[in-house]
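Working notes, beginning with the structure itself.
The values are calculated or read from the model by the stated rules, or taken from the named source; none is laboratory data. Keep in mind that this is a model prediction, so the values were computed, not measured. Glycine also receives a Cβ, built like all others from the backbone with ideal geometry; neighbour counts cover every protein chain displayed. These accessible areas exclude ligands, DNA and RNA; they are computed on the full protein's heavy atoms, side chains included. Shrake-Rupley method; radii C 1.70, N 1.55, O 1.52, S 1.80 Å.
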Amino acid sequence: MGALRERFWELPLDALTREEWEALCDGCGRCCLHKLEDDDTGEIHETNVACKLLDTGTARCMDYRHRKAFVPDCLRLTPKLVQQVRWLPKTCAYKLRAEGDPLPDWHYLLSGSRDAMLEAGACVAGRCVSETVAGDLEHHLTDWDES
């Protein structure tokens, strides 16, 4: 990984290097959870069901580099895509920065610790189940606290 510029997270998203873009992710795991869309209203409902590649104990992808080979519909977030998708959580670092908002205090780039995110309840680690064992998504609807 290349050198990261000081306070790079305050820059516009399109000014970030690939390494800085990847480092901006807080690792909460919520983008890797299945969502359901109401056909009538278009409302997005979150579940606690994780992609088969998400380690449910750490909220980290088990094969991030090759994920598209195993999960073809996995999205690679870009600055443009971040502004288009409606299902990113309000606490998502990409979404916050795209809207010109600061990172939350618990973000590891500010706190210096990934434990701060866990303590704030902003991570799905230990609170989700793999799609390989979950069954019907309708039985796994949740309302994640927007810490």
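Using a probe radius of 1.4 Å on heavy atoms only, what accessible surface per residue do you get for the chain? Whole Å² is fine. Intermediate values should be presented prior to the final figure.
Numbers: 8750 Å² over 147 residues.
Dividing the accessible area of the chain by its residue count gives 60 Å².
For the chain, the fraction of 1.4 Å probe accessible surface lying on carbon and sulfur atoms is 50 percent. In segment 20-72, the alpha-carbon atoms span a convex hull of 106 Å³ per residue. Computed over the alpha carbons of the chain, Rg followed by Dmax gives 15.3, 47 Å.
Within the chain, what is the number of lysine pairs with alpha carbons under 18 Å apart, leaving out pairs fewer than eight places apart on the same chain? List each step's numbers first, then the result.
Details: K35/K52; K35/K90; K35/K95; K52/K68; K80/K90; K80/K95.
Count of close lysine pairs: 6.
Helical runs (DSSP H, four residues minimum) scored at -39500 (n - 2.57) apiece and divided by the length of the chain put the mean residue ellipticity at 222 nm at -5000 deg cm²/dmol. Compactness of segment 91-147, taken as the C-alpha radius of gyration over 2.2 N^0.38 Å, stands at 1.37. The gain in end-to-end length when the L81 to E99 segment is fully stretched comes to 5.2 nm, 0.36 nm per residue minus the alpha carbon separation.
Computed over the chain with a Gaussian network model linking Cα atoms closer than 10 Å, the most mobile of R65, R97, R30 is R65. When you filter the GluC sites (Glu not before Pro) in segment 1-110 for DSSP loop state and at most 12 other Cβ atoms inside 10 Å of their Cβ, you are left with E6, E43, E99. For segment 97-147 versus segment 39-73, the inter-centroid distance based on Cα atoms is 13 Å.
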